[in-house]
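To keep things clear, I will list the structure first and then write my remarks on it.
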Amino acid sequence: MLIILTFSINIHPQFITMKTFSLKEKDVNRQWYLFDATDKTLGRFASKIADKLRGKDKPDFTPHVDGGDFVVVINAEKVKVTGKKRDQKKYYKHSLYPGGLKTKAFKDVIEENPERVIESAVKGMLPKNKLRNKIFNKLKVYSGSNHPHESQNPSVWNPKI
């Protein structure tokens, strides 16, 4: 004896609803993280920082809302680059006058202002829109191991790079 049962479920399309979650500025929960740049490769390290600043590592990431965390980077002078970039990588700035282009090599910039190396790399990885400066202001870079953000109790974060 073979019994075949068939079921038919009719669901009207108006009863099927899906909602997209969108993070609001008031619902953002920001935390402080401490990154140590000692012997980290510049580009890979900067991309991890950029993701943390934007909040891309959070499950409630929303592209048009600044939902990222604060990042404190210490030991900026100990960051490393691969290949011949130490001698060949250039940093440019222009005075907006004809012939006003100034260039500096990586090795000169890391000696004079090591914070600028990490700031420049991270800023280049942030989106080019109105949120860029707001996101970038949450980055604090220091050349030594001392920083004035002890009262925020930053949790040490050591990404696998």
With (1) in contact with a strand residue (DSSP E or B) (Cβ under 7 Å, 6 or more places away or on another chain); (2) under 29 Å from residue 27 (Cβ atoms); (3) surrounded by 11 or more Cβ atoms within 10 Å (Cβ to Cβ) as the list, and residue 156 as the residue in question, which single condition is left unmet? (3)
Out of all the residues in region 131-148, which are in contact (Cβ under 8 Å) with a residue 24 or more places away in the chain, within 19 Å of the chain's Cα centre (by Cα) and under 25 Å from residue 55 (Cβ atoms)? 131, 134, 135, 136, 138, 139, 140, 141, 142
Any idea which residue in region 30-49 is surrounded by the most Cβ atoms within 10 Å (Cβ to Cβ), counting only those that are within 24 Å of residue 148 (Cβ to Cβ) and among the basic types (Lys, Arg)? 40
Quickly run through region 61-88 and pick out the residues that are touching a Gly at 6+ places or on another chain (Cβ under 9 Å) and more than 24 Å from residue 158 (Cβ to Cβ). 62, 65, 66
Of all residues in region 102-130 being over 18 Å from the mean Cα position of the chain (by Cα) and more than 16 Å from residue 142 (Cα to Cα), the one that is surrounded by the most Cβ atoms within 10 Å (Cβ to Cβ): 106
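Each value in this text was obtained by applying a stated rule to the coordinates, not by laboratory testing. The model shown is predicted, which means the values in this text are computed figures rather than measured ones. Here the Cβ is made from the backbone with ideal geometry for all residues, glycine too, and neighbour counts use every protein chain on show.
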